[in-house]
Structures are given as C-alpha cells and as structure tokens.
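The next block holds one structure in the form of structure tokens; read it before the comments.
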Amino acid sequence: MYNHKTNLLRAIALLILLPMMSLAYGQEETWRLNLKDADIRAFVTQVADITGYSFVVDPRVKGKVTVLSSAPMNKDEIYDLFLAVLNVHGFTAIPGEEVIKVVQQVDAKQSAEILTRFEETPSEQLITRVIQIDNANALELVPILRPLVAKYGHLAGVAAANALIISDHSSNIARIEQIVRELDSPSKYEVEVIQLEEAWVGDMVTLLQELAPDELGRAGGDNAARKYSVTADERSNRLILRGDETFRDKMRGLIRQLDQPSATGGTTKVLRLKHADAKNLTEILKGVMGEVAKESAGAAGSASGGGTPGNSFTVFADEGLNALVVRGEPSLMQEAEQIVEALDVRRAQVMIEAAIVEISDEMGQDLGVQLAAGDESGGSTPVLGTSFGNVGRSLGDVLTAILSDTPIAPAVGGITIGAGERNENGVSWGVLLQALSTSTAANLLSTPSIITLDNQESEITVGQNVPFRTGQYTSTGNSATNPFTTIERRDVGLTLKVTPTISADGLVRLVVEQTTESVADSIENASDIVTNKREIKTTVLADDGETIVLGGLIREDTQVTRSKVPLLGDIPFLGRLFSSENTSRIKRNLLVFLKPTIMLGKADAVAATEIKYRALWEVDLDVRKKLGLPEDGSQPPIDALFDAGSSQRVQ
C-alpha cells in the first residue's frame, strides 16, 4: 500500500516538472559583453569561448577595445558584433575550413573565405561577389560605384562577361547590388523599318558601319553591337534599325542622305567563271532575271502610278574568257551574283565501266552415203543414184571423178571413204561414205570504260568502218550511160552511250544505250554484207561502285536435217546406206554488266587513273616476258606516257 502511494506521487511530480523542463531546454543561451579598454586578444579569446570557433591571430593585430552591450545576444549576434569591432579597429576575420584568421583589412582581399560554417552570412563578413550586368555597360558602372566600396575593398569590371567583381562587407555588397539593379534597367529600345528607294541595302549596311563604328560595333566592341544593330532585308530592299531614339534619329538622317538615285542608272560587272559554261549560264540568267526584272517593273509601276519604267537587266557571254558581262540595278545584280555563285561549282565526274561477255558454242555432225551408177554414153548423168545435198560432196562430184578418172577431194572436217569402177562395157558405179563433225567455241569479253561529267552525255565506239552498198546501176548493150555503185561507210563494233546523274545521297541514275554489232559470215543468196546486232536501251539506278547487270540473251538452236530414199531408207541398219543426216546445235550467252564510280574531287580522279595505268603496266610486263625481253619491276610515273622515249617502252 505504501509503495503504491509513493509511485503515484512520483508520476504526479513528473507531470508537473516536464513542461517546466521543456521550457528551460527550448530557451537559447545568451550573453552580454561589456568591455572597457580590454586587450583585443582577450576579446578574441572571450568570443572563441562563446562561439566555439578557433581563431588564428596575426601578430600585427594589437590594440584596446571597448564594447558596451545592454541587451542579451545569441552566438551569431556575438560573432557579428565581433566583426564590427574588428572593422572599427582596421582588422577583419577570414573564415577557413578549420580556423578563422584575424588579419588586417588591407590583406583580407588576397585570402579566400569559406562560409559553409554559417547558416547565414554575417553582415560584417568581408566577401567577394560577381554581379552580372544584363543591359548596362559594366565598365561604365565602375567609376559610379567605386566611391561606395571601402578603401580596403576591391571593384573591377569584366568587359567580356559584362560583369562586376566586388570585395567588401556582405551588407555593403547587398547595398551595391540594389543600386546596380536600379541602374541596369532596360533602355527604351525600339525596332524601325526603313524602305530604301534608290540605294541597295547590302551597300547601305556597309556604309553605315563605316560612318557609325561606335554604335554598330566596328570600334565600339561587342557591347555596342548588342545595343544597336542595322539589318538588311534584301528580299524587300529594307533596313531594320534597332536602338534607342537617339541612335535611330542618327541613322535615319544618314540613310536619307545616302538613299539617292545612282548617277549611272546601273552597274556593270565582269564575272569570271571557274567551272560553269558561260554560254549555258547566260541562258539561265536571261530566263530567271528577266522574270525578276518584270516583277520589279510591275511593283515600281504600281507604286508610282505606272509612269516609271522598271529595272532592266542584261547579260552577255564571253566564251573566249568563259566570263559573264552583267549590267543592271544593284538589287538585280546582287541576286544575279548569288545565282552565279551557286551554279559555278565543280561538277562531279562518273567513271562508267562496262563488261560485255559473250560465250558461244556451235557443233555440227553430218553422216551420209552417196550411190551412183551410169554408162559411158550418159556422161556425168547417172542412170541410178542417190543425191543428198546436206552432207559433204554431191552426187555430181562423185560421177565426174569416176568418168574423168580423177580423185575426188574429201570434204573438210571429217572422213570421206569412196570406191568406184568403170568396166569395159562403159558401165560406171561409185560409192561415197562421208562422216563430218564440226565444233566451234568462242569467249568474247569487252570492257570499255569512259569518264564523263555529272548529267553529261558521253559516247565511246570501238570497231570497224565497214562499207555498205546502197545503190547500183549497170548499162547493157551499146548504152552510153556510165555504170556506178554507191557505197556508204558505217561504224560496226561496240558502242556505249551513257548519261549519268548523281543524286544527293550518292545514287547514280544511268541512261544507257549499248550496242554490239559485228559482220556475220557470208550468207547464201545475200546481196550485201550482213551484220549481227545486239542493243540495249534502258535507264537504271546504281550505288557508287556497285556492279549491276543491264540485260542478257541466252539462245540455243538445235536443227536436225535427214534425207533418205523412200522405203530403202527405212530398212533397219541397211537403211543407213540410203540416207543422210545433218545435226547442228548453236548456243550463245550474252550478258552486259555496268559499274559506275563517282569521282567528287581531284583525289578520286587521280586514284582511278593510277589503277588503269597499273593495269597497263602489268600487260607490258606480260608481253615482255613472252617475248623473252628483260623485265624491269620499277613502274615509271604516269607522265612517262607523254615522253616519246618512254612511251614506246610502255606499249
């Protein structure tokens, strides 16, 4: 019972004392400082005890201080009071990471302060700040603000960043920042558009920059260029002014004096071309600038009530110098020069390599027997015989040889066996067995190549100039008319005609016309020369360096011709004596390949030339090796092709 009452009293007492303990704990500790003629080092020691900071005192820091404090102050207020006392006596405190240095004010701006220990920077703390200036000129503010900065402080302007660097007490820097904000207010800048009547805006801007360098940045620097500007609107021949009223009034007066009619009514220029053709470019300028001049004339007529003639533009081509002679108003001349500059560029080249491959295979087989019998009175006319004209020698050849008692020449391309007799009664007979076989194979490879400009048609022809008879007249009897034959010569061979066009993404569009033509073997009953012709006309797309096939022809002809004597030729085995068979097979494969290579500059052209020259040199080495001549492994420079002494060796 006693213990229960004791515990209850303790709980009641705890509830009564707990609020009182919390109130005492929440109250911050305060101090009052009252010193009279105390040593400054003792003052530093007392502040260190109150604030808990560690101080390092410069030996030159000496003197007596007097501090009177009637109101209690917390730790931060004590430290701010400490800085004020040091400031009065010509000293200051520079906080570091571990300690605070107490030094003379004149040495303070060379030391860096670290303010991380303070939740809020003390008002009397000596600090360094950078103040950015947005509208005004930082260098112009320096002489205005310098009297506000302490003698031991620092103030400087940075022209490149348009900013101020200040070293002073925190409270004074805050005051200077407020002043800077009031001074750095935007000026009353406005934009004004001025339409030029006579002068050209491009020339006007140049003149204004020369006449007003301070405002337009020629001598005034970047800050002046940001405050004032004159921009040319070449499309409408207008000037755009940006600046305050004074600047715009000045520019307006200059423009009014300079915007006067030209004394000559136009200008003349000679434009030397580097890559473009003067004649072609003249036609383009006449078409484009003629329309521009008409539009300008229409606009001028509308503005002046139709009484003023429009601008004129003329251009002439000097093909000898590859130059343009241009005359016109400044606005038209400016536009013409821009067009010429855009078109007078080095054109890319394309090397087109073609490969025409033709493989042919021809095979023929002939087998036949010729039989003949006759008498002497019949001459060469047989009484009985078989005659097959599709194999070797004919029957007439056999009888003629028997009757004339001369040997018969065998057919070309096989075996010929013959036998015959003529008895005393004048009866003649003969047998001729012929077995012929022919085979022809050919592989033709042509690789023409040509280099041409972008979008420029080019053509290469390799072949013969063959005569073709186009007309003939012969006289008969005693006519006095002179007979004649007309001949036309025509190129027969390989022809490659191509027009390349390079796209922006490196794709090549090719308009190709490829023809392969050759003179055929003589054809029976043909009155003139017969040619074989294969031609491809197409338009294709190919990447740079890509090989594509344009087309091809695969042809295979098989022909069997059999002649026989009715009934006798159908007898098994024995019927071969009364028959003749001819078999022929022709197979041809023709394919055409194309490979474009883009050459944008000189380096690409030199590389392509070097590859072709190296291939020529390898052919020369092979020829010398076959002829048994001494080989020289050193390849001469390509310029040796134009040397009379060296060119013979490279042949």
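The values are calculated or read from the model by the stated rules, or taken from the named source; none is laboratory data. Computed from a predicted structure; not experimentally measured. Cβ placement follows ideal geometry from the backbone for every residue including glycine, while neighbour counts extend to all protein chains displayed. Accessible surface areas use protein heavy atoms only, side chains included; no ligands, DNA or RNA. Shrake-Rupley method; radii C 1.70, N 1.55, O 1.52, S 1.80 Å.
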**Item:** Residues of the stretch 570-614 satisfying the condition of being more than 57 Å from the chain's Cα centre (by Cα) and among the aliphatic types (A, V, I, L, M)
**Value:** Ile571, Leu574, Leu577
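Could you list all residues from the stretch 114-140 that are under 51 Å from the mean Cα position of the chain (by Cα) and of a type outside the set (Gly, Ala, Ser)?
Of the stretch 114-140, the ones under 51 Å from the mean Cα position of the chain (by Cα) are 129-140.
Arg129, Val130, Ile131, Gln132, Ile133, Asp134, Asn135, Asn137, Leu139, Glu140 - these are the residues of the stretch 114-140 that are under 51 Å from the mean Cα position of the chain (by Cα) and of a type outside the set (Gly, Ala, Ser).
Could you list all residues from the stretch 544-575 that are surrounded by 13 or more Cβ atoms within 10 Å (Cβ to Cβ) and outside any loop (DSSP other than H, G, I, E, B)?
Ile548, Leu550, Gly551, Gly552, Thr561, Arg562, Ser563, Lys564, Leu568, Gly569, Gly575
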**Request:** Among the candidates Arg509, Arg534, single out the residue that is under 24 Å from the mean Cα position of the chain (by Cα), assigned by the TED database to the domain that holds Ile460, at pLDDT 75 or above and assigned to a strand (DSSP E or B).
**Result:** Arg509
**Complete:** Scanning the stretch 91-100 for residues that are open to solvent by less than 30 Å² (accessible area, probe 1.4 Å) and part of a loop (DSSP other than H, G, I, E, B) gives Gly96
**Request:** Could you check Val56 against (1) part of a helix (DSSP H, G or I); (2) under 19 Å from Ile127 (Cα atoms) and say which number it fails?
**Result:** (1)
**Message:** Between a residue in the stretch 60-71 that is more than 15 Å from Thr30 (Cβ to Cβ) and of a type in the set (A, V, I, L, M, F, W, C) and any residue that is open to solvent by 10 Å² or more (accessible area, probe 1.4 Å) and assigned to a loop (DSSP other than H, G, I, E, B), which pairs come within a Cβ distance under 7 Å, given they are 6 or more apart or on different chains?
**Reply:** Val65/His89
**Message:** Which of the numbered conditions does Ala108 fail, given that it passes all the others? Conditions: (1) among the small types (Gly, Ala, Ser); (2) assigned to a helix (DSSP H, G or I); (3) open to solvent by 50 Å² or more (accessible area, probe 1.4 Å).
**Reply:** (3)
**Item:** Filter pass, Val67 being part of a strand (DSSP E or B), open to solvent by 40 Å² or more (accessible area, probe 1.4 Å) and not polar (S, T, N, Q)
**Value:** no
**Message:** With outside the structural domain of Thr516 (by the TED database), open to solvent by less than 60 Å² (accessible area, probe 1.4 Å) and not in a strand (DSSP E or B) as the only criterion, which of Arg624, Arg614 stands out?
**Reply:** Arg624
